[in-house]
Structures are given as C-alpha cells and as structure tokens.
1. Against the conditions (1) surrounded by 13 or more Cβ atoms within 10 Å (Cβ to Cβ); (2) in a loop (DSSP other than H, G, I, E, B); (3) touching a Lys or Arg at 6+ places or on another chain (Cβ under 7 Å), where does residue 110 fall short? Just the number, please.
2. Residue under question is residue 11, and the condition is that it be in contact with a Phe, Trp or Tyr (Cβ under 8 Å, 6 or more places away or on another chain) and of a type in the set (Val, Ile, Thr); does it hold?
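Read the figures in this text as sums done on the coordinates, not as results from a lab. Since the structure is predicted, the reported quantities are computational estimates derived from the model, not experimental observations. Neighbour counts run over all protein chains shown; Cβ positions are idealised from the backbone, glycine included.
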Amino acid sequence: MKLKKKNLQMTLKKINFKTFTESSGSLTPIEIKDFVDWPVKRVYYLTDVVGPRGGHCVKNEKKIYVCQKGTVKCKFHDGNEWTSFELKGPSDGILMEGDYYRDFYEFSPDAVLMAVSSVNYNPVDYIYDLNEFIEWRKKS
C-alpha cells in the first residue's frame, strides 16, 4: 500500500528476508541498505509479550519490524483504514514509512519482534488515541 501525504510518500508492505539453514543453525542477514535509504537511529525488540502492544503512532517515523522468532499479528491504520499482517519467524518483516497508527497482538509465547527506527525516542511525537490520530492525519 502506498499513499501520499502532501509530499511524503507513505509505504506499508510486508518484506521477506532470506534465511540460511544448516545443521549448525539458521542465519537471517538483513542488509538495511537493500530496503531503506534512511539512517537507523534506534533498534529495540519485544520479548515475553503477554498482551497487545503498540496502540500509537510516532510522527514522521520510518521503521522496519522483524519477527525474529515465533508469530505475531499486526495492523496499521493510515487515517482511513486498517491493513493487517501476520508475521511468522525470522524471514518476515514489515516496512513502514510514514505516519501509521499500529497495533501488535496475538504474540506466540516465543515471539521476538525487533524494530529498526529512523527516529530516536521523543514522547512528544507519540499519539496514543486512534481518534486523535485520525483527526491529526486529516489536518496533515
């Protein structure tokens, strides 16, 4: 899905990484340059998740989500509608460029979800209410 927000190109798509498996284990390399042209400023990951996560938008953020292990469901709102995905294991990811409200849910007990972000954490850039996000998108 690609949308335009004034001069900002918005992209939301599932991406796949190659996983190489042999008797000694598996390797999933991610060459960031193959997916994005923006600088990485922050990386974090979620583990031991027992409930929904997300429930917010970070203004002007670009991000890659990678399901390093297990499964997780996610949905993204662009201000008009939801788009849903299911991520399964280390080969699945989501490229998100632009302002999306996001929710992550139904984490498997072993799930590890990593996020690679274009911005550093700044609490003033977060919108936690979906209706407020929709109104903000209408104005931007």
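1. Going through the list (1) surrounded by 13 or more Cβ atoms within 10 Å (Cβ to Cβ); (2) in a loop (DSSP other than H, G, I, E, B); (3) touching a Lys or Arg at 6+ places or on another chain (Cβ under 7 Å), residue 110 breaks only (1).
2. no
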